[in-house]
Amino acid sequence: MSGNTFGQLFAVTSFGESHGPAIGCIIDGVPPRIAISEADIQPYVDKRRPGQSKFTTQRRESDTVEILSGVFEGQTTGSPIALMIHNEDQRSKDYGDIKDKFRPGHADFTYFRKFGIRDYRGGGRSSARETAMRVAAGAVARKVLNEILGDPVVIRGAMVQMGPNLIDGENWDWDVVDDNPFFCPDAKAAAEWEMYLDEIRKEGSSTGGVIEIMASGIPAGLGEPVFDRLDADIAAALMSIPAVKGVEIGAGFAAASLTGPDNADEMRAGEDGQTVFLSNNAGGILGGISSGQDIIARFAVKPTSSISISRKTVNENGEDVDVATKGRHDPCVGIRAVPVGEAMLALVLVDHLLRFRAQCGL
């Protein structure tokens, strides 16, 4: 299967299936002599780990990351870094009754039509389980970004909408994000979401969400002006996350309702010759190149396709059947997509930083 590698100079290839013995990734292009260990990676992977609240899948995985290569005496060697996480709590029997049926909204149908074979256990390769390795690779990317740039690069995300329920932007508080199970920056909204999602969960249904991610400390100049635009690569990275159906940068679709003067991010000369922007409708990217402002993107995640409510479908023989999915699934997969979105943004930024350094110096 092609299409398993992301990035050019900082290239990440992932492997493994949801119910296989392990998942893993190979990271090629990491500069040498950067201090890194499992302890640098594990906290980010833990943010995505399942079973941490009743609002995520109850699959029990420690998601312990192992470094297999590319690090010697605590430093990167410049050779490929191999990371692996063993799967520990698979329940393949939960999928026995639906192994010949295509779950609506899932990748079952398209995988079977393309390859003529599919791993029905938890979706196999199409499972969001694969994203744990993106988060692990993103942790390495963050180390490289900070090593090269020197100043702290902050990449963080928050869930700003669950189903039809939006946060109040006036209540935004980054300190609240880690104090609730939804990565929500609005404490009042988080309390309301808890009641909403509890009902969704008890019904055997699911709901979607919108996640906002931001990177600060990124210098101007990253990205290319035509095909490899920074915002285009960010959009591609976020769209590659399972269940993502929409991406916007900065003001995004709301920019269509603005006038030219309202949308323009005016500039003034600041201290020490630094340019100061008076707004950030562009999301930190102009002409495909970073402006030095905060990079801001949002992505929409659809409701989880694996639900226990019976739905109409067909089987591999083309016969009409009904399907209801057993097993342990996220009632809102968007919750654990927050650390995945952060990781994908980190991977894009480190790749473009290395490309900038190769072309223009630093």
Worksheet item: Restricting the search to the range 336-362, which residues are in a helix (DSSP H, G or I), open to solvent by 30 Å² or more (accessible area, probe 1.4 Å) and not basic (Lys, Arg)?
Response: PHE356, ALA358, GLN359, CYS360
Worksheet item: Does the range 262-278 contain at least one residue that is in contact with a Gly (Cβ under 7 Å, 6 or more places away or on another chain) and of a type outside the set (S, T, N, Q)?
Response: yes
Fill in: Evaluation of GLY70 against (1) open to solvent by less than 70 Å² (accessible area, probe 1.4 Å); (2) in contact with a strand residue (DSSP E or B) (Cβ under 6 Å, 6 or more places away or on another chain); (3) at pLDDT 85 or above; (4) at negative phi (one fails), failing number
(4)
Discussion item. Regarding the range 202-216, can at least one residue be identified that is open to solvent by 20 Å² or more (accessible area, probe 1.4 Å), modelled with pLDDT of 95 or more, in contact with a Pro (Cβ under 9 Å, 6 or more places away or on another chain) and closer than 21 Å to VAL340 by Cβ?
Written reply: yes
Worksheet item: Which residue pairs have Cβ atoms under 6 Å apart, sit 6 or more places apart or on different chains, and have a first residue in the range 143-166 that is within 19 Å of ASP179 (Cα to Cα) and modelled with pLDDT under 95 and a second that is assigned to a helix (DSSP H, G or I) and among the basic types (Lys, Arg)?
Response: none
Fill in: Long-range neighbours under 6 Å by Cβ, at least six apart or interchain, first residue under 10 Å from ALA136 (Cα atoms) and in contact (Cβ under 8 Å) with a residue 60 or more places away in the chain within the range 76-88, second crowded, with 18+ Cβ neighbours inside 10 Å and not hydroxyl-bearing (Ser, Thr, Tyr)
MET84/GLY24; ILE85/ILE23; ILE85/ASP63; ILE85/VAL65; ILE85/ALA132
Fill in: Qualifying positions in the range 1-43 - of a type outside the set (Asp, Glu), more than 22 Å from ALA236 (Cα to Cα) and not in a loop (DSSP other than H, G, I, E, B)
ALA22, ILE23, ALA35, ALA39, ILE41, GLN42, PRO43
Fill in: Answer residue from the range 297-327, given it is basic (Lys, Arg) and open to solvent by 50 Å² or more (accessible area, probe 1.4 Å) and is farthest from SER206 (Cα to Cα) among those
LYS312
Fill in: Output for the range 1-23, where each listed residue is within 15 Å of ALA343 (Cβ to Cβ) and open to solvent by less than 10 Å² (accessible area, probe 1.4 Å)
PHE10, ILE23
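The values are calculated or read from the model by the stated rules, or taken from the named source; none is laboratory data. Everything quoted here is computed from the prediction, not taken from an experiment. Cβ coordinates were reconstructed from backbone atoms using ideal geometry, including for glycine residues, and neighbour counts include every protein chain displayed. Surface areas here come from the heavy atoms of the whole protein model, side chains and all, with no ligands, DNA or RNA. Shrake-Rupley method; radii C 1.70, N 1.55, O 1.52, S 1.80 Å.
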